[in-house]
Amino acid sequence: MNEKGRRIGLASHEEEKLRHAKVRAMFSRAMDVAATDVAEFLEKEFPDDRDLHQEVLELIEHKRESFLEEGAIPQVADAVVEEDGAEATERLRASIGSEFGHYRIEGRIGEGGMGQVYAATDTILGRRVALKRLPREYLADEERVNRFKQEARAISKLNHPNIVTIYEFSRSSEGEWFIASELVEGGTVDECRATQEIELIDKVDISLQVAAAISAAHSTGYIHRDIKPSNIMVRPDGLVKVLDFGLAKLIRGEPTVDSGIDTQPKVESVIGRPIGTVAYMSPEVVKGHRADERSDIFSFGVVLYELICGKRPFQGESNAGVMAEIMRKDPDPFDDQDIPEDLASVVFKCLQKDPDLRYQTMERVVSELDSVRLLLPGQHAPYEDLHRSGNRKPAFIAFSKSGDLSDASGPVATMTPLGGVLILAVVLVIAFAGWWVIYELYLDSESSAAVYRTETIVEWNSGPSELTSAAKADPTGKFIAFGSAQSGSNEIWVQPIGGGKSLQVTDNGFYNQYPVWSPDGQEVVYYSHRGNDYGIWRNSVSGGNERQIIGGVGRESKPRFWSKSGRIYFQGRTEMLVFDLRDGSSKTVIDFGSKGIRPMTTDVSDDETKIAVVFERAGTWIVNVGELPGSDSRDIYQTGNHISHLSWSQDSESVLISEEVNGIFQVVRVSVADGEAIQLTRGATDLEVEDVLLSGEILVSSSFKRSVVWAVDIESGKEEVLSDNVLNEYWPVSSPGSGMVALRSIGRSAGNTGHKTVVQDTATASERATVFEGGTPVKWSPDGSSLAVLKETDSDYEVWSVGQDGRQSTRLTDSGVQMGGYRIHPYLRTDSNHVSWAPNAKYLAYIAYREGVYDLWLYSFERKDEVRSFGNRVPRRSICCLHWSTDSERLYYLARTRDRSKRIPTRSEFWVFELQEFNHRKIGEVEADVRLLGFNATRSTLIYSMRQDPSGFAPVPKSTVFKSISIDDGHTSELTQFDHSYFDNSHISPDGSIIALTARRNNLESIWLIPIVGGEARALVVENDPKNFISTLEWSWDGTRIMYGKQFQMNRLSLLTKET
């Protein structure tokens, strides 16, 4: 019971009656005074009743905040104003200890216009509950009764850990409606903030849980309409509960009617009458317009702003002033510079005045906050993992204002001394259990007191085509060198481990990676790819003139170790080589290829006596160690899990590896002596071992990815979210004649694993179906009834056909089918149309690598068999980009020939396969790497693109040239060129009139439209956040929209430190 409740409950009848009369008189007069003048008014008009001033001020504040509507569990304030104090006292005294059905009343929690709330015990089940009763005198008030029923109905439909659970909703024998629900221990968010300092990560965690609860309500068609801190309880174990669905409104859907009880009361909000609490209202609600999910998102933004910085974003001196600020004033930016930009971005997007500019779904807010949380120092697992399992470590314990643990679903309830002891004991058990869960996540089995924590050294927003970063520590353990594309191209950087700014070592515009330190810590060597040359280069860490020390190495070469004797070890495709700086000689130290081994990763011990290698054989991943140079070796560890990284420990008695455990790379120590493997981490993000420092700390790299699918109208330029799932989704494939879109979805943010094909109806975005596990969608059938999916096998792919609902799936081809290349950041298919359905639906064309060559194959739906076209017998020639004629009698494609010494194709040939004659005819060729995009509007020419790029491999070349080639005589013509566009992301509209492409200019992504015949290029979408990238574009079947993914990735280097 709160302090006002004690005043009501403990005063004598006469004292309370007199006190109530004074308070009511003072309250009535003071309500007409401006908010800033109330205290002065009370002092002047009622100098003899100073003991009542604070109570009147609290009542006025409560009344003004509540405005026109009360919540489901209000404070006791209204009871003082709206009813006689003596009656309240008598009712309370009569209630405590009494029986209400099979509930025994223990104390009152709160009371207001929507009912009385008591702490009670269910005498049948022996559990404590919050019992809410609608007084008998309100039974004739239809609106109150309907709102009471609506609250019960709303909560009963929501089965979510962050929403209170209803145990019973019924009527007593006297006709009183009541709700028996979960009794929440703890305090409100405001109470928690008032009694202790809450860390930023815990504020985000609280917000995530609130957002998840609201999202769950929205998914069932309900909006809350009264989101505020006093309706958010935090339990002692850190679990959050959202309360008060008394104002909840059903805005869509038609829930089932439970027999016997009218659970669908009709409650209408009066247009023009604001609903909720003023300080947390959205602009549209203040204006009296109808609320929707986005109104809840605004209110949530107010709560989030207040939770982060301790003050409300809108602070007028009166309700009218607050409402004016909500409608006109932008909230002040955060003063605290330590608040991450990504978190601030979420807050201020929630607080946009225009609902169309806010997040459109609460699910999106959850995913954005989850992304922010994973990037905060001290995080252990994403929201879903923490709260689905129930394994949480509370960073603080929720207390009431008085210091006792709360035991109520609203304002604080009273408890006996024994009850307080029991609850405290439970809290200690819960707190210890939560600590043990986190402790176990990082437990080193060698020592029961060893815990590993991650400490971020440096992080950056990933650049184009950047994956995770290779890094090494210097001999002193004070600096790290790493490769990063944060400046645009992949360069070598140096970062002090103790903090400070990163120093850029190289600035050559090429691809530089895998740095290794010199023994004196003054230089680094690194791999560099420059045009058609792959080499090992050397540079001072302070910058200067680079020197190539060896050229002509393979493109898979990686420097591994620079010894004190002046030898540089580097890993090739199938060997370990060494370059001697003293005489400039190089030689192979170990020929892995002769042993049937292709090394995944290698490392040399600091004393230059041992080598460790990871390789895969027949589905088993093996760690092998041996003596240098090249003597006998032995396998020390085998596993069915993928191993990606490897590093020697400082004492050379063990190796540290990154092993994929349940889809996530964890750090594992393997003993060289006996092969004993000890898993050091059990985190929710990939940790890839880069190096081990002298201190024993482990240098690890990690990355966080997020991809959401959007669509833009090509006429208006208006964007909308198509798929805002917590999974990463990209590569949309539009179905002909409908709004169905297939997406590739991956199961976690840390990597590119666990993928599946999902289908979503864009007309009803909530309807989603997983139609194929482990598949990548490529092409819909002409009538949109079936989807061609590539299913991954051990080495390549098979083509399957699957229905829209996933119930009918058929394997069409054997293995060997090629998916085509792709880039990870952003997710881009580097080749288009590797699988293509004939317009008459009789054939499915695809590229397969069989019998040592790439060739064009057809699947005949009539014969239910595969047919090889025999268009290619040249081993080094690849095929891509299949495009059918409208009559399905000809299939046009591109054949590329690659020089062995060069990474990119040197000749591209245009061919047509004529089905009736079963004949291949060459149309023309160019000496360049090109992409075949499709037909022009008259279908007389094929459109293709060529890169203008000195390096030959940049994802964003200096310029891309678009040309056409006649399908009759092979004549070519230049159409246009475009600077700084993605070579792998240009696509022709279905009618052949427009090229859509993505560009990256001034470090910002954009989508452009270029008319093929006449007209100027125009920007359709400009992404203003440099962190966001745009993945593969897809035209809608009718050419009115373009779909694409917006993708974000952050790379991080951290130290894994053992604490004792």
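Details
- A single member of SER766, SER815, SER786, SER801 is modelled with pLDDT of 80 or more, farther than 16 Å from SER734 by Cα and of a type in the set (Gly, Ala, Ser), and it is SER815.
- Filter result (assigned to a strand (DSSP E or B) and charged (D, E, K, R)) within region 477-519: GLU491
- Positions within region 960-977 being at pLDDT below 95 and either buried (at least 20 other Cβ atoms within 10 Å of the Cβ) or in contact with a Pro (Cβ under 7 Å, 6 or more places away or on another chain) (or both), in sequence order: THR960
- Long-range neighbours under 7 Å by Cβ, at least six apart or interchain, first residue at pLDDT 85 or above within region 189-215, second part of a loop (DSSP other than H, G, I, E, B) and crowded, with 24+ Cβ neighbours inside 10 Å: ILE214/HIS224; ILE214/ILE227
- If you check ASP338, ASP332 for being in a loop (DSSP other than H, G, I, E, B), modelled with pLDDT under 85 and more than 21 Å from the chain's Cα centre (by Cα), only one passes: ASP338.
- Pair list, Cβ < 8 Å and 6+ apart or interchain, from region 918-939 residues that are in contact (Cβ under 8 Å) with a residue 24 or more places away in the chain and within 15 Å of LEU975 (Cα to Cα) to residues that are acidic (Asp, Glu) and in a strand (DSSP E or B): ARG931/ASP984
- In region 748-762, the qualifying residues are those that are at pLDDT below 75 and within 10 Å of GLY774 (Cα to Cα), and the one that is surrounded by the most Cβ atoms within 10 Å (Cβ to Cβ) is HIS755.
- Among (1) without any contact (Cβ under 8 Å) to a residue 12 or more places away in the chain; (2) closer than 23 Å to GLU556 by Cβ - the single one ASP591 does not satisfy: (1)
- Exactly one residue out of ASP296, ASP335 is surrounded by fewer than 18 Cβ atoms within 10 Å (Cβ to Cβ), in contact (Cβ under 8 Å) with a residue 24 or more places away in the chain and not β-branched (Val, Ile, Thr), and it is ASP335.
- Residues that are surrounded by fewer than 15 Cβ atoms within 10 Å (Cβ to Cβ), in a strand (DSSP E or B) and without any contact (Cβ under 8 Å) to a residue 40 or more places away in the chain within region 1012-1059 comprise ARG1018, ALA1019, VAL1022, listed in sequence order.
- Among the residues of region 554-563, the ones that are in a loop (DSSP other than H, G, I, E, B) and closer than 12 Å to TYR526 by Cα come to 1 in all.
- Within region 456-485, residues that are on the phi > 0 side of the Ramachandran plot have Cβ atoms under 7 Å from residues that are surrounded by fewer than 23 Cβ atoms within 10 Å (Cβ to Cβ) and basic (Lys, Arg) in these pairs: SER465/ARG823, counting only partners at least 6 apart in sequence or on another chain.
Here's the yes/no breakdown for (1) at pLDDT 85 or above; (2) of a type outside the set (Val, Ile, Thr):
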position	(1), (2)
SER878	yes, yes
THR886	yes, no
ARG896	yes, yes
ARG907	yes, yes
ASN936	yes, yes
GLN948	no, yes
SER951	no, yes
ALA954	no, yes
LYS958	no, yes
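- Taking the criterion of being in a strand (DSSP E or B) and either over 12 Å from VAL613 (Cα atoms) or of a type in the set (Phe, Trp, Tyr) (or both), the residues of region 639-658 that qualify are THR639, TRP648, SER654, SER658.
- For region 691-743, the set of residues classified as within 18 Å of PRO777 (Cα to Cα), part of a strand (DSSP E or B) and touching a helix residue (DSSP H, G or I) at 6+ places or on another chain (Cβ under 8 Å) consists of VAL708 only.
- Within region 589-612, not a single residue is within 17 Å of SER701 (Cα to Cα) and among the aromatic types (Phe, Trp, Tyr).
- Out of ARG807, ARG811, ARG823, sole residue that is closer than 30 Å to PRO1026 by Cβ and in the same structural domain as TYR854 (by the TED database): ARG823
- Residue in region 531-543 that is in a strand (DSSP E or B) and either touching a residue at least 40 places away in the same chain (Cβ under 8 Å) or closer than 27 Å to LEU687 by Cβ (or both) present: yes
- Within region 216-226, at least one residue is buried (at least 22 other Cβ atoms within 10 Å of the Cβ), within 21 Å of ILE179 (Cα to Cα), at pLDDT 75 or above and aromatic (Phe, Trp, Tyr).
- Enumeration of residues in region 573-583 that are in contact with a strand residue (DSSP E or B) (Cβ under 8 Å, 6 or more places away or on another chain), more than 20 Å from PRO475 (Cα to Cα) and in a loop (DSSP other than H, G, I, E, B): THR574
The values are calculated or read from the model by the stated rules, or taken from the named source; none is laboratory data. This one's a predicted model, so the numbers in the text were calculated from it and none came from an experiment. All Cβ positions, even for glycine, are placed from backbone atoms using ideal geometry, and neighbour counts span all protein chains on display.
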